[in-house]
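Presented below is the structure to which this report refers.
The values are calculated or read from the model by the stated rules, or taken from the named source; none is laboratory data. None of these values were measured; they are calculated from a predicted model. Every residue, glycine as well, gets a Cβ built from its backbone with ideal geometry; the counts of neighbours run over all protein chains shown.
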Amino acid sequence: MGSSTKYIFITGGVTSSLGKGIIAASLGKLLQSRGFSVTIQKFDPYLNIDPGTLNPYEHGECYVTDDGAETDLDLGHYERFLNVTTSQSNNITTGRIYNNVITRERKGEFLGKTVQVIPHITDEIKSNFYKLGQDGKYDVVITEIGGCVGDIESLPFIEAVRQARWDLGPNNFLVIHLTLIPYLSAAKELKTKPTQHSVKQLLEAGIQPDILVCRTEHHLPLDVKKKLALFCNVQLNSVIEAMDAESIYDVPLLMKKEKLDERVMTKLKLTSKTNTDLEHWKDFLGRLKNPTQEVTIGLIGKYVSLPDSYKSIIESFTHAGAAVECKVNLKLISSEEIHTENFKSKLEELDGILVAPGFGERGFEGKIETVRYAREQKVPFFGICLGMQVAVIEFARNVMGLKGANSTEMDPETQFPLIALMEEQKKIDQMGGTMRLGSYACDLKKGSKAAQAYGKTKIHERHRHRYEFNNDYLEQVENAGLIATGKNPDTGLVEIMELKNHPWFVGVQFHPEYKSTALNPQPLFVKFIQAAIDNKKVK
Ligand code: GLN
């Protein structure tokens, strides 16, 4: 561990889904605004090695970093708030910890000793806690512990936090506990008991939280704060109220008002290096909350019943909408419900259409119908990953007359495999971590919509897919009017497809949504919204 690096641990109690990730990201933002370099990492208690093999219905989207790690969606919040990139080291699961320890055991590295949860698993957890702080790059490392205090599966993490205090020393170590103060409407009362109990559980594990952050729907009166301070053994000014906010992007300012950053700095003996007062952030919020125009955009996908499956896409619209002062009414539409008889009624109110990433056959034909509508009716179209692949297949079937054209993912026997596996992918028989993952370069065609959006011709974007455009068809497809405007300079793989004679029809094989941040909106999203605004005017 870097000797001057400060470590903040965030635990959660009472219930899950309290927004630990947003609190961590907001605190990170505030410390950043005071001149500190900050990174945030998440430790997840489940046994999967990473979330890459999880169905999106389990934990929402799988977020991909530049280095190709498949991670928890909270890392997306960290990047969107802090505007700095994360990596594989920022997300560790119990599965990975055990995998590392067991691999070392098989190599005989424990020299005949009995391998145990304490100290071997907890040592492995701690060495991962400290990894990002090692080279002195960060003044502060914030660690979010997934799950709730008291869960059986979180116990080794909590025990490792207890031990970390003694490795790091009191001035370099801080625990923030996030809880819920429920409001009983019948009794018209805010209840502190669940928080008292969850702090008791932490104390039983040997951890005294330094700061309590209390999620609440109503302001906490002084007597409630006093009660919490007394029973939970914390200073009164370290009971921080976290009121429900209109937007997650309000939370840094709410936490600043509550002086969360000041409490943290006092306890860790940190003094501000600068104070930027978050002007850019406030400017972003101002534009977000005062739109001068409005558009309706459809997100067509198959995981729409859980919007967290499309977290980064949804947030990208927030960032890009704010950039052009436009309110984006995003309608999530299930592609399974779209077919030849009803597509018009489902799609006609939309000013722009986005076909989402996805895997497998379910809802695929509804996506084909959607693209056909967008192409024929000249509605601005944005296809991401599977969305681009669908656009190619629709074009092959309905414009080039290649009946039955498909991706070999959906139909391995198709006569016209416009989307197919590359040789390297064919050999792979394991699921986890075997897709084309992470950041790849892409060269853009001068004058293309993509080049106009980015304002340059060399870009890097992140990937997460197995199948690729089949270059055997490239000439034929381009002659018919669908042009590859972005290619990987090393492999020649097609990264972007644009339709000629259409106001805005862009499909991308990569995932632009992963790199959109509040202060750095993704250019393709910005241009797509602008095209939707223009389309609305014509309508
Ligand atoms: N299923 C497609 C593939 O593996 C697309 C993946 C995606 O949309 N992320 O290539």
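With the structure loaded, tell me whether VAL392 is outside any helix (DSSP H, G or I), in contact (Cβ under 8 Å) with a residue 60 or more places away in the chain and among the aliphatic types (A, V, I, L, M) or whether it fails that test.
Here the answer is no, as VAL392 does not meet what is asked.
Specify the residue that is nearest to GLY147 (Cα to Cα); the eligible residues are those in segment 169-226 that are acidic (Asp, Glu) and out of contact with any Ser or Thr (no Cβ under 8 Å at 6 or more places or on another chain). Steps first, answer last, please.
So in segment 169-226, the residues acidic (Asp, Glu) come out as 189, 204, 210, 217, 223.
Those left that are additionally out of contact with any Ser or Thr (no Cβ under 8 Å at 6 or more places or on another chain): 189, 204, 217, 223.
Working: GLU189: 27, GLU204: 17, GLU217: 22, ASP223: 29 Å.
Looking at residues that are acidic (Asp, Glu) and out of contact with any Ser or Thr (no Cβ under 8 Å at 6 or more places or on another chain), I get GLU204.
Select from segment 429-440 the residues that are assigned to a loop (DSSP other than H, G, I, E, B), in contact (Cβ under 8 Å) with a residue 12 or more places away in the chain and away from the ligand (no atom under 12 Å from the Cβ) and list them in ascending order.
GLY432, GLY433
Could you pull out every one of the helices (runs of 4 or more DSSP H) wholly within segment 22-115 that has 3 or more residues that are in contact with a Leu (Cβ under 9 Å, 6 or more places away or on another chain)?
The helices (runs of 4 or more DSSP H) meeting that bar are 56-59, 94-106.
Here are some conditions: (1) surrounded by fewer than 17 Cβ atoms within 10 Å (Cβ to Cβ); (2) part of a helix (DSSP H, G or I). SER154 meets all but one. Which one does it not meet?
Answer for SER154: the failing condition is (1).
Kindly provide the set of residues from segment 49-65 that are surrounded by fewer than 20 Cβ atoms within 10 Å (Cβ to Cβ) and touching a Lys or Arg at 6+ places or on another chain (Cβ under 9 Å), ordered by number.
ILE49, GLY52, listed by residue number.
For segment 376-386, which positions are over 17 Å from ILE297 (Cβ atoms) and touching a strand residue (DSSP E or B) at 6+ places or on another chain (Cβ under 9 Å)? Steps first, please.
First pass over segment 376-386, keeping only residues over 17 Å from ILE297 (Cβ atoms): 376, 385-386.
Matches in segment 376-386: CYS385, LEU386.
Taking GLY321 and the conditions (1) of a type in the set (Gly, Ala, Ser); (2) within 16 Å of the ligand (Cβ to nearest atom); (3) buried (at least 22 other Cβ atoms within 10 Å of the Cβ), which numbered condition does it fall short on, given that it satisfies the others?
For GLY321, the exception is condition (2).
Quick check on my filter: what residues within segment 116-144 are assigned to a loop (DSSP other than H, G, I, E, B) and of a type in the set (A, V, I, L, M)? Step through it out loud before you land on a result.
Let us first name the residues in segment 116-144 that are assigned to a loop (DSSP other than H, G, I, E, B), namely 116, 132-139.
The answer is LEU132, and nothing else.
Check whether at least one residue in segment 405-426 is away from the ligand (no atom under 13 Å from the Cβ), in contact with an Asp or Glu (Cβ under 9 Å, 6 or more places away or on another chain) and touching a residue at least 24 places away in the same chain (Cβ under 8 Å), and report yes or no.
So far as segment 405-426 goes, no, none of its residues is away from the ligand (no atom under 13 Å from the Cβ), in contact with an Asp or Glu (Cβ under 9 Å, 6 or more places away or on another chain) and touching a residue at least 24 places away in the same chain (Cβ under 8 Å).
Out of ILE333, ILE314, ILE300, which single residue is of a type outside the set (Lys, Arg), surrounded by fewer than 24 Cβ atoms within 10 Å (Cβ to Cβ) and part of a strand (DSSP E or B)?
After applying the criteria, what remains is ILE333.
Among residues belonging to segment 359-389 that are of a type in the set (A, V, I, L, M, F, W, C) and more than 8 Å from the ligand (Cβ to nearest atom), point out the one that is farthest from ILE529 (Cα to Cα).
Among those that are of a type in the set (A, V, I, L, M, F, W, C) and more than 8 Å from the ligand (Cβ to nearest atom), it is PHE364.
Across segment 486-502, what is the total count of residues that are touching a strand residue (DSSP E or B) at 6+ places or on another chain (Cβ under 9 Å) and farther than 18 Å from SER439 by Cα? Steps first, answer last, please.
Taking segment 486-502 and keeping what is touching a strand residue (DSSP E or B) at 6+ places or on another chain (Cβ under 9 Å), we get 486-491, 493-500, 502.
So of that shortlist, the ones also farther than 18 Å from SER439 by Cα come out as 497-500, 502.
Qualifying residue count for the region: 5.
Among (1) modelled with pLDDT of 95 or more; (2) farther than 20 Å from HIS319 by Cα; (3) of a type in the set (Gly, Ala, Ser), which single condition is GLY76 missing?
Condition not satisfied by GLY76: (2).
Take the residues of segment 105-131 that are at pLDDT 95 or above and among the aliphatic types (A, V, I, L, M): which is nearest to ASN171 (Cα to Cα)?
Filtering first and then ranking leaves ILE125.
Out of all the residues in segment 289-319, which are touching a strand residue (DSSP E or B) at 6+ places or on another chain (Cβ under 8 Å), more than 14 Å from ASP351 (Cβ to Cβ) and among the small types (Gly, Ala, Ser)?
GLY301, SER305, SER309, SER312
Take the residues of segment 491-513 that are in a loop (DSSP other than H, G, I, E, B) and among the hydrophobic types (A, V, I, L, M, F, W, C): which is nearest to the ligand (Cβ to nearest atom)?
PHE510
Do you know which of the residues in segment 442-490 that are buried (at least 17 other Cβ atoms within 10 Å of the Cβ) and of a type in the set (Ser, Thr, Tyr) is nearest to the ligand (Cβ to nearest atom)?
TYR467
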